[in-house]
Amino acid sequence: MTQSETLFEQAQKYIPGGVNSPVRAFRGVGGTPIFFKHAEGAYLYDEDDRRYIDYVGSWGPMILGHSDPRIRQVLHAQVDLGVGYGAPTAIETDMAKKVCELVPSIELVRMVNSGTEATMSAIRLARGYTGRDKIVKFEGCYHGHVDSLLVKAGSGALTLGVPNSPGIPASLAEHTLTLTYNDINGVREVFDRMGDQIAAIIVEPVAGNMNCIPPVPGFLETLREVCDAHGSVLIFDEVMTGFRVSLGGAQGFYGITPDLTALGKVIGGGLPVGAFGGKRDIMEQIAPLGPVYQAGTLSGNPLAMAAGLATLNAISEPGFHDRLTAKTQQLCEGLKQAADEAGIPLTVQRAGAMFGLFFTDAPSVTTFDQVMACDVERFKAFFQGMLKEGIYLAPSAFEAGFVSAALSSQDIEATVNAARTVLATL
Ligand code: PMP
């Protein structure tokens, strides 16, 4: 038995499914989850001392790679000063200022502890601001495990086959209107019919929880247009895309300005952080300025702020995203070429430093139905093969992959060579 197998057995005695977040259980790919002991740069090391090249990056935060010396240094320094006070600190303002500078649509920002909290708060704020109940989301998009948003959700909910979770009152779910991602006419039709009841649209500006699906031209523009026409709030969930698709997120990359933005992952540099922010007049509705309540014992925690701010500073260095995007491109082109050589139909999609692998004949994948038509069994075999080769991909066919700055050209070359070996066996 491997250490991971032993540890997984023990974990299942005390933790539901042995994990604290469902996709980690490997239900989407079979086999035993790998238990990790440490990580450095582009590599993860498991409890059996095997090394893996990492394309998960703690599900997105580790854009610099693991255990970056700059992050370690600020964390150590903050530990010496105390790990939290539950009172204002200077670093919270530094962080807020940095976020407002990097994401110009954000005029005021509130820190929270996870992406889920960020989207949940943004939805409450949009409802409070507009005095409306209905929200629009898109099938296969995941916005955290918020009650109103676990309707036709992606990510682990999709991997585990529970896109509509039990435990959510029908009376709440009925306020969530679910449309098809990238379906411009569907959006127009719903807004023509009931736009004056819709508080907000929430969208992943690049969908990363049903694999990786960039918006088709005109999709995000249409969302902006209908929200303007009907007085609804446009919320970009940039928990995944923020600071990754470009320094200014997907909104910077595509040039669309949302009213509110939810952030997570990279903003915490690996510590539990989320944030939501946007237009001043909307954000001023939040307590203590306004009546919409939102709070958090650990929100703005100085350790978390230190790691997050150091990460945002590091990725602000000139050329950072160009280099990261070039690495992602090298990976995607290499994998595509390896699949072509093996005669395996594979479509590789990319937005900035996130990517998706689709085992399909379709030259591009733009809709949820197309994602569902991909060969999941082949993905599982590919995943397991790559794992044996020491390449750690997200353990689900419905998750985007992430590239970190710590990956060298040689790491990517090694990954493509591993893929060549694995694809030849499929
Ligand atoms: N929104 C998006 C787009 C996400 O990808 C995720 C998590 N993968 C969330 C929200 C929820 O974030 P968290 O897991 O930190 O609650």
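For the chain, the Kirkwood estimate of hydrodynamic radius, built from reciprocal distances between every pair of different alpha carbons, is 21.9 Å. As a calculated quantity, the FRET efficiency between residue 2 and residue 410 at R0 = 35 Å, using C-beta atoms, amounts to about 0.80. What share of Cα pairs, in percent, lie more than 14 angstrom apart in region 273-329? For region 273-329, the share of Cα pairs beyond 14 Å comes to 70 percent. At an R0 of 30 angstrom, the distance between the Cβ atoms of residue 417 and residue 70 translates into a FRET efficiency of 0.45. Build a GNM of the chain with springs between Cα atoms under 10 Å apart, and of 355, 26, 243 the one that fluctuates most is 26. Using a Gaussian network for the chain with springs between C-alpha atoms less than 10 Å apart, which of these wobbles most: 90, 353, 207? Ranking 90, 353, 207 by mean-square fluctuation puts 90 first. Globularity index of region 65-128 is 1.38 (Cα radius of gyration / 2.2 N^0.38 Å, N = number of residues). The tail of the calculated P(r) for region 1-99 beyond 17 Å holds 66 percent of all Cα-Cα pairs. Translational diffusion coefficient of region 330-422 (Stokes-Einstein, Kirkwood radius from Cα pairs, 20 °C, 1.002 mPa s): 160 µm²/s. With a cut-off of 11 Å between beta carbons, the residues surrounding residue 174 carry a summed charge of 0, where Lys and Arg count +1 and Asp and Glu -1. Treating the Cα atoms of region 294-378 as identical point scatterers in vacuum, please give the log10 of the normalised Debye intensity I(q)/I(0) at q = 0.11, 0.14, 0.18 Å⁻¹, two decimals. Per q value, in the given order, log10 I(q)/I(0) is -0.52, -0.70, -0.83. Expressed as a fraction of 2.2 N^0.38 Å, the C-alpha radius of gyration for region 205-267 is 1.07. When the P(r) is computed for region 69-315, the part past 23 Å accounts for 47% of the Cα-Cα pairs. Of the residues 342, 8, 136, the one whose Cα sits farthest towards the positive end of the charge dipole of the chain is 8 (charges of +1 on Lys and Arg Cβ, -1 on Asp and Glu Cβ, taken about the Cα centre). In units of the compact-protein estimate 2.2 N^0.38 Å, region 144-231 shows a Cα radius of gyration of 1.13. Of the residues 408, 396, 148, the one that moves most in a GNM of the chain with alpha-carbon contacts below 10 Å is 408. Taking the Cβ of residue 409 as the centre, find all other residues whose Cβ is under 11 Å away and add up their charges (Lys, Arg: +1; Asp, Glu: -1). Result for the neighbourhood of residue 409: 0. Gain on full extension, evaluated as 0.36 nm per residue between residue 13 and residue 323 minus their Cα-Cα distance, stands at 107.2 nm. Using C-alpha pairs under 8 Å with a sequence gap of at least 6, the mean separation divided by the residue count of the chain gives a relative contact order of 22 percent.
Computed from the coordinates by the stated procedures, all read-outs in this text should not be read as laboratory data. If you're wondering where the values come from, they're calculated on a predicted model, not measured in any experiment. Quick reminder, even Gly has a Cβ in these numbers, built from the backbone with ideal geometry, and neighbours come from all protein chains shown.
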